[in-house]
């Protein structure tokens, strides 16, 4: 399994282990998210592998960077767009703080 795939699966697992989010969800690893509109009545959080790059730090050392995208999708329904943006924006910030607090360990 590629490193970026392993990292994406680990991020999804870490999101699922955490229970303190303002909106409960189950994160899913996928390479091609696709949902019907009816499926988005419930919040969907997907983690997608994006890229893997090697950045040269010095002549003798490199830094390996695995990038994943975290998508948060939900049909607005009866909420106003402003309410939806506030509610989902709070969740985005919670996810950012969790991911930022977890030490990075490459497989």
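Readers should treat all values here as calculations from the given coordinates under stated rules, not as data from a laboratory. It should be emphasised that the depicted structure is a prediction, and the values quoted were computed from it without experimental measurement. Note: ideal-geometry Cβ built from the backbone for every residue, glycine included; neighbour counts use all protein chains shown.
How long are the three semi-axes of the equivalent ellipsoid for the chain, computed from the Cα gyration tensor as the root of 5 times each eigenvalue, in whole Å, largest first? Don't skip to the answer; put the middle values down first.
Details: eigenvalues 180, 45, 31 Å².
For the chain, the semi-axes come out at 30, 15, 12 Å.
Round to the nearest 10 and give me the degree value, 0 to 90, for the angle of helix 81-101's Cα axis relative to the longest principal axis of the chain.
30
Let me have the relative contact order for the chain, percent, based on Cα pairs under 8 Å that are six or more residues apart.
Details: 134 pairs, mean separation 30.7, N = 107.
In percent, rounded to a whole number, it is 29.
How much FRET efficiency would the formula 1/(1 + (r/R0)^6) give for residue 14 and residue 83, where r is the Cβ-Cβ distance and R0 is 22 Å, rounded to 0.05? Please report the intermediate quantities before stating the final value.
Details: r = 28 Å, r/R0 = 1.28.
It comes out at approximately 0.20.
List the residues of the stretch 56-95 whose backbone N lies under 16 Å from a point placed 7 Å from the Cα of residue 38 along the Cα-to-Cβ direction.
Counting only backbone N, you get 75.
When you count, for each residue, the other Cβ atoms within 10 Å and take the mean per peptide, how do 82-91, 56-65 rank with the highest first? If you can, show how the numbers build up before the last one.
Values: 82-91: 13.2, 56-65: 9.3.
Packing proxy ranking, top to bottom: 82-91, 56-65.
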